[in-house]
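Take a look at the structure set out below.
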Amino acid sequence: MSKHIVVLAGDGIGPEIVGEAVKVLAAVNEKFGLGITWENQLLGGAAIDAHGVPLPDVTLDAARKADAVLLGAVGGPKWDTIERSIRPERGLLKIRSELNLFANLRPAILYPQLASASSLKPEIVAGLDILIVRELTGGIYFGQPRGVRTLENGERQGFNTDVYSESEIRRIAHVAFQLARQRNKKVLSVDKANVLEVTELWKEITTEVGKEYPDVQLSHMYVDNAAMQLVRAPKQFDVIVTGNLFGDILSDEAAMLTGSIGMLPSASLDQNKKGMYEPCHGSAPDIAGKGVANPLATILSVAMLLRYSFNAEAAAKCIEEAVGKVLDQGLRTPDIYTEGTKKVGTKEMGEAVVAAL
Ligand code: IPM
Ligand code: MG
């Protein structure tokens, strides 16, 4: 079976980090005889410049036909003021939605070598291994109506709609429970059920689904408390399942516990485990083109791609171990640099991972 990947480098640091990730992909492809092929397509600002839209049909068609998608990051100040409906981020949201990638897996794992790079005390984060399961194609990100309207008094008013149907909640809850079964068998569902009806339903449905998994311990927490607990005692968590917006916020917070958001990969999966893989961080326009971005989140996203979409566990492990080795060697991009380690750039880091495979 041949396996094909669409690579979307995107904007900002996207091309730099994806460049290194593809080197790693090429090396494991060869080493494990995986028979993977890939092609580049445009998404985000790069696509706007070339085609006038952030998700051109050619990109979407190629992504539909492919077995998996590897993405860098999209967006940047250059496109922040163009017409809202064709901004780079809309391209990202559209491809998630069009490919039905409703399950976003964001593991926050602390590499022991980076314990001192975390903003929390090493004993609070040592051994941290959390999996955030974020619903990705619903909620306030997609709810209608949305927009900015002008009221009768001439004042403008912005509005969005947070909406979840039972089936959407149910399918993401199943993903969380099934993943918890392969881990420590604990699911925390995060809501704001004391205020928002939409999350009251969320809580009700996750509770219902939880009854089908008596071996998994389910608990609930309001999002404000969850945000606090994440920095107070993060190791109490195993799998955290939540809606699109809360998941966006909590995953950035969890990322920081691991030392840097530059370390965190993610997988966005559909019902059949077809997926798009991308780092959790954004396009970081402030450091774009400087050769200093951390490519490890994207490299680790390749490992997730091999594991979830291609069932190539050995190759995935090999990449993860190689990342461990370069950290052991003391190599650090500026975002994870601490005294006594060796500061390297994007390319050096990527090449060190290839060498360590
Ligand atoms: C993420 C990002 C995106 C999101 C942006 C770039 C639209 O923050 O993947 O977490 O909000 O989903
Ligand atoms: Mg985000």
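The values are calculated or read from the model by the stated rules, or taken from the named source; none is laboratory data. Nothing here was measured: the structure is a model prediction, and the numbers come from that model. Please note: Cβ atoms are built from the backbone with ideal geometry, for glycine as well, and neighbour counts cover all protein chains shown. Surface accessibility is based on the protein's heavy atoms, side chains included, excluding ligands, DNA and RNA. Shrake-Rupley method; radii C 1.70, N 1.55, O 1.52, S 1.80 Å.
Restricting attention to segment 211-221, which residues are in contact with a helix residue (DSSP H, G or I) (Cβ under 9 Å, 6 or more places away or on another chain) and either open to solvent by 40 Å² or more (accessible area, probe 1.4 Å) or within 15 Å of ligand 1 (Cβ to nearest atom) (or both)?
We begin by selecting, within segment 211-221, every residue in contact with a helix residue (DSSP H, G or I) (Cβ under 9 Å, 6 or more places away or on another chain); these are 212-213, 215-218, 220-221.
Residues satisfying the conditions are 212, 215, 217, 218, 220.
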Study note, to complete from the structure: The correct count of residues that are assigned to a strand (DSSP E or B) and within 14 Å of ligand 1 (Cβ to nearest atom) in segment 233-258 is 1
Point to revise | Positions within segment 47-94 being away from ligand 1 (no atom under 13 Å from the Cβ), closer than 26 Å to residue 309 by Cβ and in a helix (DSSP H, G or I), in sequence order | key: 47, 57, 58, 59, 60, 61, 62, 63, 64, 65
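Would you check which residues across segment 39-64 are touching a helix residue (DSSP H, G or I) at 6+ places or on another chain (Cβ under 7 Å), without any contact (Cβ under 8 Å) to a residue 40 or more places away in the chain and surrounded by 14 or more Cβ atoms within 10 Å (Cβ to Cβ) and list them?
Taking segment 39-64 and keeping what is touching a helix residue (DSSP H, G or I) at 6+ places or on another chain (Cβ under 7 Å), we get 39, 41-45, 47-48, 53-56, 59-60, 63.
Next cut, without any contact (Cβ under 8 Å) to a residue 40 or more places away in the chain only: 39, 41-42, 53, 56, 60.
41, 42, 53, 56, 60, listed by residue number.
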Point to revise | In segment 335-344, residue farthest from the chain's Cα centre (by Cα) [restricted to those that are surrounded by fewer than 17 Cβ atoms within 10 Å (Cβ to Cβ) and modelled with pLDDT of 95 or more] | key: 342
Revision key, fill the gap. Taking segment 95-106 and keeping residues open to solvent by 20 Å² or more (accessible area, probe 1.4 Å) and either assigned to a helix (DSSP H, G or I) or within 16 Å of ligand 2 (Cβ to nearest atom) (or both) leaves 97, 98
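Out of curiosity, is residue 261 within 14 Å of ligand 1 (Cβ to nearest atom), farther than 24 Å from residue 181 by Cβ and of a type in the set (Val, Ile, Thr)? Break it down stepwise before answering.
Working: within 14 Å of ligand 1 (Cβ to nearest atom): yes; farther than 24 Å from residue 181 by Cβ: yes; of a type in the set (Val, Ile, Thr): yes.
Here the answer is yes, as residue 261 does meet what is asked.
Please determine whether any residue of segment 267-282 is away from ligand 1 (no atom under 16 Å from the Cβ), part of a helix (DSSP H, G or I) and surrounded by fewer than 24 Cβ atoms within 10 Å (Cβ to Cβ). Let's see the steps before the verdict.
Taking segment 267-282 as the starting set, the residues that turn out to be away from ligand 1 (no atom under 16 Å from the Cβ) are 270-274.
Then keep just the ones that are part of a helix (DSSP H, G or I); that gives none.
Looking for residues that are away from ligand 1 (no atom under 16 Å from the Cβ), part of a helix (DSSP H, G or I) and surrounded by fewer than 24 Cβ atoms within 10 Å (Cβ to Cβ), one finds none in segment 267-282, hence no.
Looking at segment 261-293, which of its residues are polar (S, T, N, Q) and away from ligand 2 (no atom under 16 Å from the Cβ)? Break it down into steps so the answer makes sense when it comes.
Applying the first criterion (polar (S, T, N, Q)) to segment 261-293 yields 266, 268, 271-272, 283.
Residues satisfying the conditions are 271, 272.
Any idea which of 127, 91, 76 is within 30 Å of residue 343 (Cβ to Cβ) and buried (at least 20 other Cβ atoms within 10 Å of the Cβ)? So that I can check it myself, show each step before the final result.
On the way: 127 fails: buried (at least 20 other Cβ atoms within 10 Å of the Cβ); 91 fails: within 30 Å of residue 343 (Cβ to Cβ).
From the options 127, 91, 76, the qualifying one is 76.
Out of 142, 102, report the one residue that is within 16 Å of ligand 1 (Cβ to nearest atom) and touching a strand residue (DSSP E or B) at 6+ places or on another chain (Cβ under 7 Å). Full working, then the answer.
Values: 142 fails: touching a strand residue (DSSP E or B) at 6+ places or on another chain (Cβ under 7 Å).
Step by step, each of 142, 102 is checked, and only 102 is within 16 Å of ligand 1 (Cβ to nearest atom) and touching a strand residue (DSSP E or B) at 6+ places or on another chain (Cβ under 7 Å).
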Review point. Is there any pair with a first residue in segment 293-312 that is among the basic types (Lys, Arg) and a second that is open to solvent by 10 Å² or more (accessible area, probe 1.4 Å) whose Cβ atoms are under 6 Å apart and which are 6 or more apart or on different chains, and what are they?
Key: 307/313
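Let's see how each residue does on (1) touching a Ser or Thr at 6+ places or on another chain (Cβ under 8 Å); (2) more than 20 Å from residue 14 (Cα to Cα); (3) away from ligand 2 (no atom under 16 Å from the Cβ); (4) assigned by TED's automatic domain parsing to the domain that holds residue 21:
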{"site": "82", "(1), (2), (3), (4)": "no, yes, yes, yes"}
{"site": "89", "(1), (2), (3), (4)": "no, no, no, yes"}
{"site": "93", "(1), (2), (3), (4)": "no, no, no, yes"}
{"site": "112", "(1), (2), (3), (4)": "no, yes, yes, no"}
{"site": "147", "(1), (2), (3), (4)": "no, yes, yes, no"}
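Restricting to segment 5-46, count the residues that are part of a loop (DSSP other than H, G, I, E, B) and within 27 Å of residue 75 (Cα to Cα). Let's see the steps before the verdict.
In the first step, residues of segment 5-46 are kept if they are part of a loop (DSSP other than H, G, I, E, B); the result is 11-13, 33-35, 42-44.
The next check asks that each one be within 27 Å of residue 75 (Cα to Cα); those that pass are 11-13, 42-44.
Total satisfying the criteria: 6.
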